[in-house]
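Laboratory data are not the source of any read-out in this text; all were calculated from the coordinates shown. All values derive from a computational prediction rather than experimental measurement. Glycine also receives a Cβ, built like all others from the backbone with ideal geometry; neighbour counts cover every protein chain displayed.
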């Protein structure tokens with residue numbers, strides 16, 4: 001069974017600070033995808049990144065970066081120089097290739113509050 | 001591209017009535033759509049997987065007779081909450097997989113906020 005754990009329920013930072021969100025996953029499948037989504041107060045999920053299990057390269061997109069380490073089953077997300085607009089709930093999710101319909105399993109989410 | 005819409009965006013209904021929520025993929029075809037429920041300050045929980053032309057697959061603990069899912073076409077799935085009660089008040093989100101992609105990516109709708117009084 002697939003499982004995603006986001007140990008941090010809430011993180012509060014001051015603007016321009018860096019913030020790292022942890023994500024640890026469990027799966028028996030060798031082929032899977034990992035995702036990060038942002039959910040602002042409006043509720044609509046915003047797709048941030050998708051990474052497949054065979055690609056361990058780290059990725060940077062603007063102020064966002066991701067660190068994927070299969071050895072520790074982690075897919076951590078860092079926001080550099082945070083801004084107030086980054087305040088949202090962030091979800092890490094996992095989809096196994098063998099799961100029926102390739103359904104997503106979400107972590108519990110981490111609420112990020114960026115104070116001015 | 002890859003836009004998913006939901007209608008209505010919010011609804012208030014009285015206890016005991018039924019509510020239908022629509023999920024549409026606007027610019028792609030989706031053989032598979034998913035329905036999630038999210039209670040305040042909680043994560044998204046998958047309720048069911050909807051496959052076009054066949055019966056939905058419900059997750060454990062989800063009452064299939066209470067949450068009726070119909071996926072009659074490649075662009076439309078509906079969720080009907082029957083005999084709604086206050087405990088059904090929640091944020092319902094659908095997502096759809098693009099048939100033309102192998103990336104397992106799901107495109108999410110904006111959600112429907114249901115309040116049962």
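Calculate the translational D of chain A in whole µm² s⁻¹ from Stokes-Einstein, where the hydrodynamic radius comes from the Kirkwood formula applied to all Cα pairs, the temperature is 37 °C and the viscosity 0.692 mPa s.
229 µm²/s
Among B:10, A:66, B:35, which comes first, second and so on when ranked by fewest other beta-carbon atoms within 10 Å?
Placing the least packed residue first, the sequence is B:10, A:66, B:35.
Which of B:62, A:46, A:19 comes first, and how do the rest follow, when ranked by fewest Cβ neighbours within 10 Å?
Ordered from fewest to most neighbouring Cβ atoms within 10 Å, B:62, A:46, A:19 come out as A:46, B:62, A:19.
Mind pulling the per residue volume of the convex hull built on the Cα atoms of the range B:1-42? Å³ is fine. Before the final figure, lay out the partial values.
Details: hull volume 4.8 nm³, N = 42.
With only Cα atoms used, the range B:1-42 gives 115 Å³ per residue.
Taking N as the number of residues in the protein assembly as shown, what is its alpha-carbon radius of gyration divided by 2.2 N^0.38 Å?
1.02
If neighbour count is taken as other Cβ atoms inside 10 Å, put B:64, B:14 in order from fewest to most.
By the 10 Å Cβ count, ascending, the order reads B:14, B:64.
Could you quote the convex hull projected area for chain B, Cα atoms only and averaged over all directions, in nm²? Write out the running numbers ahead of the final one.
On the way: hull surface 27.7 nm².
Hull-based average projected area comes out at 6.9 nm².
Restricting to chain B, what percent of DSSP beta bridges are antiparallel, rounded to 5?
Around 90 percent of the beta bridges assigned by DSSP in chain B are antiparallel ones.
Considering only C-alpha atoms, what is the centroid distance from the range A:16-73 to the range B:61-88, in Å?
Centre-to-centre (Cα) distance: 31 Å.
Regarding the range B:19-71, what's the average projected area of the Cα-atom convex hull, expressed in nm²?
Over all viewing directions, the range B:19-71 projects a mean Cα-hull area of 4.5 nm².
What does the convex hull of the Cα atoms come to per residue for the range A:10-53, in Å³?
Working: hull volume 5.2 nm³, N = 44.
That works out to 118 Å³ per residue.
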